[in-house]
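Asker: This is the structure I want to talk about, given as structure tokens.
Just so it is clear, none of the values below were taken in a lab; they were calculated from the coordinates. Just so it is clear, the structure is predicted and the values come from calculations on it, not from any experiment. Glycine also receives a Cβ, built like all others from the backbone with ideal geometry; neighbour counts cover every protein chain displayed.
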Amino acid sequence: MNPYVPILALMAIGGGFAVFSIVAGALTGPKRYNRAKLDAYECGIEPTPAAAGGGRFPVKYYLVAMLFIIFDIESVFLLPFAVAFDSLGVFALVEMVLFVITVFIAYAYVWRRGGLEWD
């Protein structure tokens, strides 16, 4: 249990700071609520009621979020590989090359479809 004490202490400090920040913000922050503050915020787009037939809606925000998740997962997999590169064999190198190729194909597909253009 002794090696885990610093980790537990750091988690307790982080949790305490999070709780303190929320409570301090709630107690000291301004309490001026108006109609604009109470409206739903949807990425800068004014919320509108759904069309009668279902209607189409832009999916650009969702695409950007998915791209972020894909590249975030890529970095999560590549960092340990880069750290332990010397001790890993050729099999790990081939697996990482295949992984990067797969992510690059997804990136090229989104780029070709115009998903990275902000009109």
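Asker: Give me the one-decimal nm value for the distance between modelled label points at Met96 and Phe81, 7 Å along each residue's Cα-to-Cβ direction.
Answerer: In this crude spin-label approximation the distance works out to 0.6 nm.
Asker: How big is the charge dipole of the stretch 56-119 about its Cα centre, in debye rounded to the nearest 20, if each Lys and Arg gets +1 on its Cβ and each Asp and Glu gets -1 on its Cβ?
Answerer: 360 debye
Asker: Run the numbers for Tyr33 and Leu10: contour at 0.36 nm per residue of separation, minus the present Cα-Cα distance, in nm.
Answerer: 4.7 nm
Asker: I've got another one for you. Can you work out ³J(HN,Hα) from phi for every residue in the stretch 59-70, in order, using Karplus 6.51 cos²θ - 1.76 cosθ + 1.60 and θ = phi - 60°, giving whole Hz and x for Gly and Pro?
Answerer: My calculation for the stretch 59-70 gives 10, 4, 5, 5, 5, 5, 5, 5, 4, 4, 5, 4 Hz in order.
Asker: Can you find, among Val64, Val97, Val83, the residue farthest towards the positive end of the dipole of the stretch 56-119? Put +1 on the C-beta of Lys and Arg, -1 on that of Asp and Glu.
Answerer: Val64
Asker: Another question about this same structure. Between Asp72 and Trp118, what is the spin-label point distance in nm, taking each point 7 Å from the Cα along the Cα→C-beta axis?
Answerer: Between Asp72 and Trp118, the label points sit 1.8 nm apart.
Asker: May I ask you to work out the translational diffusion coefficient for the stretch 56-119 at 4 °C, viscosity 1.567 mPa s, via Stokes-Einstein with Rh from the Kirkwood sum over Cα pairs, reported in whole µm²/s?
Answerer: Stokes-Einstein gives a translational diffusion coefficient of 96 µm²/s.
Asker: In sequence order, what are the phi-derived ³J(HN,Hα) couplings for the stretch 75-92 according to the Karplus relation 6.51 cos²θ - 1.76 cosθ + 1.60 with θ = phi - 60°, rounded to whole Hz, with x for glycine and proline?
Answerer: Couplings: 5, 5, 7, 7, 5, x, 5, 5, 5, 9, 4, 5, 8, 8, x, 5, 4, 5 Hz.
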